[in-house]
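The values are calculated or read from the model by the stated rules, or taken from the named source; none is laboratory data. Keep in mind the model is a prediction, meaning the values are calculated, not measured. A quick note on method: Cβ atoms are made from the backbone with ideal geometry, for glycine too, and the neighbour counts reach across all protein chains shown. Ligands, DNA and RNA are excluded from the accessible area calculation, which covers all protein heavy atoms including side chains. Shrake-Rupley method; radii C 1.70, N 1.55, O 1.52, S 1.80 Å.
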Amino acid sequence: CMGADAPVIVRLATDDAVLELAGQLLGHPMICVQASAYLRSADTVWHSDNPRLDYEALKLYINLDSVDERSGALRVIPGSHRSPLREGLVPSPGLRVEDAFGLRADQLPATALCSRAGDVSAFDLRSWHAVCGSPQRRRVIELSYYADPASPSSTTAFVEQMQVNQRGTRLADEQYFPEFWRQAPGKQHQRGIRRLAELGTQSSSAA
């Protein structure tokens, strides 16, 4: 939802006030790198969106339907964006969290982000999270923000993660950031677009 066919989502994701909120939550200038909206009834396995710990990232998660732990509320494991808990959740590569502990996804100790329609939840993208118990379709908006990298290690991690994000669109010869997205008028968003260009990650042609 980053093109001309989703103008409302683009305006929301790139609005100066929303970028300011994301920056205040993590304490760094933020760059919006992804916006999506979907209708879903399936559960998810436990996962972390960003495997690297070298930079900070934030997701704003907006349910357009009221949900609780029995109807598809997002669940997060507090502290799972930090070592050593993060590594302890997956003792070997490729092993699912559920299999590591011999538990169903809904049995893992977690906090359910119950919300009313329109509530906004925020969590670190490195945190382990899942959706369990989705008996009906849920309308969800997800907005992802990465902290502007300020060190060599965070810059490397940022660029590598952006390359992972863009891999599918590169293979399809499409742009990860379409023109409509790049032209969104917010001042902070435009600062982020310029920064992405400096880092070589503005479009699907990033190397």
Open item on the list: Can you compute the FRET efficiency between E174 and D65 using 1/(1 + (r/R0)^6), with r the Cβ-Cβ distance and R0 = 30 Å? Round to the nearest 0.05.
Closed with: 0.50
Open item on the list: If I compute solvent accessible area with a 1.4 Å probe over the protein chains, what percent of it on the chain is carbon and sulfur?
Closed with: 53 percent
Task: Full-stretch length increase - V8, D106 - with 0.36 nm per residue and alpha-carbon distance subtracted - done: 31.9 nm
Task: Computed lengthening from H47 to K187, 0.36 nm per intervening residue step minus Cα-Cα distance - done: 47.1 nm
Task: List L21, L113, ordered by accessible area with a 1.4 Å probe, largest first - done: L21, L113
Task: Probe 1.4 Å, accessible area per residue of region 11-156, Å² - done: 48 Å²
TODO: Describe numerically, in nm with one decimal, the distance between label points set 7 Å from Cα along Cα→Cβ at A122 and at L21.
DONE: 0.8 nm
Open item on the list: Spelling out what I want: for every residue of region 158-164, take phi, set θ = phi - 60°, compute 6.51 cos²θ - 1.76 cosθ + 1.60 (Karplus), and round to whole Hz; glycine and proline get x.
Closed with: 4, 5, 5, 5, 5, 5, 5
TODO: Figure the gain on full extension for E198 and T155 (residue separation times 0.36 nm, minus the Cα-Cα span) and round it to one decimal in nm.
DONE: 14.4 nm
